[in-house]
Amino acid sequence: MKIAKLFAAAAVLALTAATAQAETIRIGTEGAYPPFNSVDSSGQLVGFDIDIAKALCEKMKVECTFVAQDWDGIIPALLAKKFDAIVASMSITDERKEKVAFTVPYYQTPGSFIAPKDTKITDISPAALKGKTIGTQSSTTAAVYLEEKYKDSEIKLYPTQDEANADLAAGRLDGILADKFVLYEWLEKSSDGKCCTFVGPDLKDVNPQGTGIAVRKEDNELREKINAAIKEIVADGTYKKINAKYFPFDIY
């Protein structure tokens, strides 16, 4: 009888542990891409991505924890099971889809160029920017776009977007191509950003498939749960409230 009770107790403990594990999702994010994800003065991860992830977790009725991860290693870390999903403003691309599975897009963003306010650049075509030094963050759709289309420009890649922005403010770049909303945040809300302005039209073909949440290919059940939660937060107005907290325009 005692042995039976011990086995029963062990089974209950195992079931409890498995349930607890199933109700916790680890979210990987960069923490260096404001206003989408960054680290505040108290060391906490904050931003649009973080708020969206928390809202999705609430809809899925799961507990979420957050892990900061350098951008260049974020997909390998997901595949190594350091976390379960990437919520880090990751553009959906065919190349990335070979390694991971994406949810439906949770926002859409064009690429844009910025340059110093005294720039003579008005045309942002590859021919017009021949010989110019253009910066952006490495391992991004903007980096791929520049390397494919601006072969006659000098392309400088940086570990973070903040580092590219700093070099532009310091006069070491002629321009930057990046996510329009990230550049908007820097131009409007930072002292260094007052140096510069948008030039040329938006480039919608930089991120044509939108921005999604990445999971491991075998985690289709999790992907579908996140898809359903995205639809819920859009339908009930939660998404709109988070959007308004960071942007004066709709990014969905």
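With the structure loaded, tell me whether residue 252 is among the aromatic types (Phe, Trp, Tyr), in contact with a Pro (Cβ under 8 Å, 6 or more places away or on another chain) and open to solvent by 20 Å² or more (accessible area, probe 1.4 Å) or whether it fails that test.
Details: among the aromatic types (Phe, Trp, Tyr): yes; in contact with a Pro (Cβ under 8 Å, 6 or more places away or on another chain): no; open to solvent by 20 Å² or more (accessible area, probe 1.4 Å): yes.
No.
Residues of segment 162-206 being in contact with a helix residue (DSSP H, G or I) (Cβ under 6 Å, 6 or more places away or on another chain) and among the aromatic types (Phe, Trp, Tyr), which ones?
186
So, in segment 159-188, exactly how many residues are over 18 Å from residue 138 (Cβ atoms), of a type outside the set (Phe, Trp, Tyr) and touching a residue at least 60 places away in the same chain (Cβ under 8 Å)?
3
Does residue 83 satisfy the criteria of being among the aromatic types (Phe, Trp, Tyr), open to solvent by 10 Å² or more (accessible area, probe 1.4 Å) and in contact with a strand residue (DSSP E or B) (Cβ under 7 Å, 6 or more places away or on another chain)?
For residue 83, the condition - among the aromatic types (Phe, Trp, Tyr), open to solvent by 10 Å² or more (accessible area, probe 1.4 Å) and in contact with a strand residue (DSSP E or B) (Cβ under 7 Å, 6 or more places away or on another chain) - is not met.
Any chance you could count how many residues in segment 190-205 are in contact (Cβ under 8 Å) with a residue 40 or more places away in the chain and open to solvent by 10 Å² or more (accessible area, probe 1.4 Å)?
Residues in segment 190-205 being in contact (Cβ under 8 Å) with a residue 40 or more places away in the chain and open to solvent by 10 Å² or more (accessible area, probe 1.4 Å): 10 in total.
Take residue 67 and decide whether it is open to solvent by 60 Å² or more (accessible area, probe 1.4 Å), among the β-branched types (Val, Ile, Thr) and closer than 25 Å to residue 163 by Cβ.
Criteria not met by residue 67.
Looking at residue 38, is it assigned to a strand (DSSP E or B), without any contact (Cβ under 8 Å) to a residue 24 or more places away in the chain, open to solvent by 20 Å² or more (accessible area, probe 1.4 Å) and farther than 25 Å from residue 208 by Cβ?
Considered against the rule, which asks whether it is assigned to a strand (DSSP E or B), without any contact (Cβ under 8 Å) to a residue 24 or more places away in the chain, open to solvent by 20 Å² or more (accessible area, probe 1.4 Å) and farther than 25 Å from residue 208 by Cβ, residue 38 comes out as yes.
Please specify each residue of segment 124-145 satisfying the condition of being of a type outside the set (Ser, Thr, Tyr) and within 23 Å of residue 37 (Cβ to Cβ).
135, 137, 142, 143, 144
Taking the condition of being crowded, with 16+ Cβ neighbours inside 10 Å, assigned to a loop (DSSP other than H, G, I, E, B) and over 20 Å from the mean Cα position of the chain (by Cα), how many residues in segment 122-147 meet it?
3
Of (1) touching a helix residue (DSSP H, G or I) at 6+ places or on another chain (Cβ under 7 Å); (2) surrounded by fewer than 18 Cβ atoms within 10 Å (Cβ to Cβ); (3) over 22 Å from residue 111 (Cα atoms), residue 234 satisfies all except one. Which?
Among (1) touching a helix residue (DSSP H, G or I) at 6+ places or on another chain (Cβ under 7 Å); (2) surrounded by fewer than 18 Cβ atoms within 10 Å (Cβ to Cβ); (3) over 22 Å from residue 111 (Cα atoms), residue 234 violates only (1).
Cβ-Cβ below 9 Å, separation at least six or inter-chain, first residue in segment 230-252 and of a type in the set (Val, Ile, Thr), second open to solvent by 100 Å² or more (accessible area, probe 1.4 Å) and outside any helix (DSSP H, G or I): which pairs?
The qualifying pairs are 234/252.
The values are calculated or read from the model by the stated rules, or taken from the named source; none is laboratory data. This one's a predicted model, so the numbers in the text were calculated from it and none came from an experiment. For neighbour counting, all protein chains shown are included, and Cβ atoms are generated from backbone atoms with ideal geometry for every residue, glycine included. Surface accessibility is based on the protein's heavy atoms, side chains included, excluding ligands, DNA and RNA. Shrake-Rupley method; radii C 1.70, N 1.55, O 1.52, S 1.80 Å.
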